[in-house]
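None of the figures in this text is laboratory data; all of them are computed from the coordinates on show. Since the model is a prediction, treat every value here as computed from it, not as a measurement.
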Amino acid sequence: MTVRREAPGSPVTCGPGLPVIAGPWPSYQQFRHLSERERWVLYGSAKAYREALEGQGFVMAETYDQFVKRVTEELNI
């Protein structure tokens, strides 16, 4: 994941005017103590949130595969 720094008020875009969601994304490591079922629920929520943003036209700096790898490692699932 990359973090892009732009001047205040400048839109961050990628390609033909698409907004980019720059990181860092929140970490899920603090939820490792939860039961496995609760961690799977959080994983599903994280995927649904990302899908909703992408459905609105946002482009993520982190690829989907990188996202899945990171979240599953952070949740230890």
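A few comments on the model shown:
- Under-5 Å amide H pairs with Val59, H placed in peptide plane, nonlocal only: Val20, Ile21
- Gained length - Phe31 relative to Lys47, 0.36 nm times residue gap less alpha-carbon distance: 4.2 nm
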